[in-house]
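Reviewing the structure listed below.
Only the coordinates and a few stated rules stand behind these numbers; no lab work does. If you're wondering where the values come from, they're calculated on a predicted model, not measured in any experiment. With ideal geometry, Cβ positions are generated from the backbone for all residues, glycine too; neighbour counts draw on all protein chains shown.
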């Protein structure tokens with residue numbers, strides 16, 4: 001990371017990059033966006049196909065509870081990674097386990113778990129607020145590029161590498177298991193295993209992205225670029241790559257525009273607003289195609 005920062009700073013000194021690139025925290029944020037954007041964009045199509053948008057929101061909201069538990073257990077207030085990841089992973093796996101063993105509609109079940117996570121987080125905040133600055137909790141909710149550290153980038157890089165391996169080895173089988181579980185089973189594909197792996201990956205990616213986008217908004221970034229890509233794509237390959245492109249552009253512009261003063265709002269909100277604007281454009285393109 002230090003060599004990367006030095007390279008970017010050298011480009012700034014040479015007059016190639018604007019003055020904002022002299023700050024190390026912006027370099028961290030841009031690297032995080034470069035990792036997070038393609039990662040969320042790559043997983044987004046499966047989230048849309050499997051109708052797990054509400055699930056990712058639930059895991060994101062559970063991050064606040066994980067942070068609160070970590071602080072209460074004595075972890076650093078800015079990086080309670082053990083409790084954060086542990087709670088969200090257990091939360092996601094338990095939710096999916098209950099879903100596979102009950103007839104309750106999935107959206108209702110997710111709503112139950114989401115309500116529990118928010119209520120537990122609200123209860124714990126009463127004790128956490130006495131120990132830490134409340135702005136730390138605001139950063140968890142809404143994201144902040146000022147809080148992205150080398151450790152956060154390392155976590156994102158490791159999860160991105162894991163996701164790349166899993167997608168390279170089983171993306172087509174995972175897609176088939178999502179679209180037609182019965183057909184996948186006839187071809188010897190372990191549908192349940194792929195379901196749990198995907199749920200685990202969603203939980204890991206969601207938690208790792210909280211620092212930049214925020215717990216409230218990270219689920220939206222999994223959903224909106226993929227939904228926009230689905231509106232304008234003509235096949236599965238386009239669906240995947242357009243989702244990656246839209247998500248990456250949203251992350252980069254959502255970080256650069258607030259820093260340049262064009263959008264005086266938090267980075268997490270800017271990222272999702274830009275992604276939503278892309279969705280509106282995709283709707284227009286879809287409408288224009290239908291008129292032709």
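Some observations on this one:
- Exposure proxy shown here: for 277, 85, the number of other Cβ atoms within 10 Å sets the order, fewest to most, as 277, 85.
- Sites residue 115 and residue 265 - FRET efficiency at Förster radius 30 Å, r taken between beta-carbons, to 0.05: 0.60
- Linear extension gain, residue 192 paired with residue 49, 0.36 nm per residue minus alpha-carbon span: 49.9 nm
- The length gained by stretching the chain between residue 22 and residue 129 to full extension, at 0.36 nm per residue less their Cα-Cα distance, is 35.1 nm.
- Taking all Cα-Cα distances within region 11-123, those exceeding 26 Å account for 38%.
- Simple spin-label estimate for residue 183 and residue 75 gives 4.1 nm between the two label positions (7 Å along the Cα-to-Cβ direction from each Cα).
- Semi-axis lengths, largest first, of the ellipsoid equivalent to region 27-284 are 28, 24, 16 Å, with √(5λ) applied to each eigenvalue of the Cα gyration tensor.
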